[in-house]
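Colleague: Following this message is one structure expressed as structure tokens.
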Amino acid sequence: MHISEGVLSAPVLVTGVVLAAAGVSVGLRKMDYEKIPQVAVLSSAFFVASFIHVPIGPANAHLILNGISGILLGWLCFPSILVALALQAILFQFGGITVLGINTVNMALPGVTCYYLFSRLVKRERGLLSSAAAFTCGFLAVFLSGILVALCLLFTEESFMSVAKLILLAHLPVMIIEGIITLFCVAFLARVKPELLGGIYGKGS
């Protein structure tokens, strides 16, 4: 879901910076500093997973893990993903500095959305309902990221419509894979450390 530099218009880039700054600010205010290692692990997982990518026009198809990050981190998705994206841009020129804000929003905001939609369900329920919620969380997070990327392209130039459609279609296998990954992660954590489910900074927010 990384958008390359030189593609988006200035208004879209500025909007991304403003929204990312707001999200990171909320995340840092909610941060429990004893949980920083947990945030770092998920940031590292995102950093590594998103390097397995396939270029699609001005963006890339790759694992995001923003569904499971949303369940475990809540608003801390924003600082976690921002750090990973910044390191990728600085060390490997993957993405870019000017698109750092909008890329952060495109990946972190769906994670936060899925936190509010699914965290209580996967934390309190067991069995089929919890599994269905976990899969839907992983699937929906990537789908929402694809929608946001498509909107960024369309607000920049209407001629990007065909590229936006291609990005959404190309990410369909990624949505399914992420749903499965999230399902297994939630099932494992429910057995070994259920207190992690439902948000890193507390019992709901």
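The values are calculated or read from the model by the stated rules, or taken from the named source; none is laboratory data. From a predicted model like this one, the values you see are computed outputs, not experimental measurements. Note that each Cβ is placed from the backbone with ideal geometry, even for glycine, and that neighbours are counted across all protein chains shown.
Colleague: Among what's in segment 118-154 and is of a type in the set (Val, Ile, Thr) and surrounded by 21 or more Cβ atoms within 10 Å (Cβ to Cβ), pick the residue that is modelled with the lowest pLDDT.
Modeller: VAL122
Colleague: Sticking with this one: When you scan segment 95-123, how many residues do you find that are in contact (Cβ under 8 Å) with a residue 40 or more places away in the chain, more than 15 Å from LEU76 (Cα to Cα) and not small (Gly, Ala, Ser)?
Modeller: Counting residues in segment 95-123 that are in contact (Cβ under 8 Å) with a residue 40 or more places away in the chain, more than 15 Å from LEU76 (Cα to Cα) and not small (Gly, Ala, Ser) gives 10.
Colleague: Right, here's the next one. From ILE200, ILE176, grab the single residue that is out of contact with any Asp or Glu (no Cβ under 9 Å at 6 or more places or on another chain) and either at pLDDT 85 or above or surrounded by 15 or more Cβ atoms within 10 Å (Cβ to Cβ) (or both).
Modeller: ILE176
Colleague: Let me ask another. Limited to segment 90-118, what total is found for residues that are touching a Ser or Thr at 6+ places or on another chain (Cβ under 9 Å), under 20 Å from VAL149 (Cα atoms), part of a helix (DSSP H, G or I) and aliphatic (A, V, I, L, M)?
Modeller: Number of matching residues: 5.
Colleague: In segment 1-20, which residues are in contact with a helix residue (DSSP H, G or I) (Cβ under 7 Å, 6 or more places away or on another chain) and surrounded by fewer than 16 Cβ atoms within 10 Å (Cβ to Cβ)?
Modeller: If the condition is that a residue be in contact with a helix residue (DSSP H, G or I) (Cβ under 7 Å, 6 or more places away or on another chain) and surrounded by fewer than 16 Cβ atoms within 10 Å (Cβ to Cβ), then SER9 is the only one that fits.
Colleague: Additional query: Give the residue, chosen from CYS185, CYS152, that is within 30 Å of ARG120 (Cβ to Cβ) and touching a residue at least 60 places away in the same chain (Cβ under 8 Å).
Modeller: None of the others qualify; the one that does is CYS185.
Colleague: What's the number of the only condition in (1) modelled with pLDDT of 90 or more; (2) outside any helix (DSSP H, G or I); (3) of a type outside the set (Gly, Ala, Ser) that PHE51 fails to meet?
Modeller: Going through the list (1) modelled with pLDDT of 90 or more; (2) outside any helix (DSSP H, G or I); (3) of a type outside the set (Gly, Ala, Ser), PHE51 breaks only (1).
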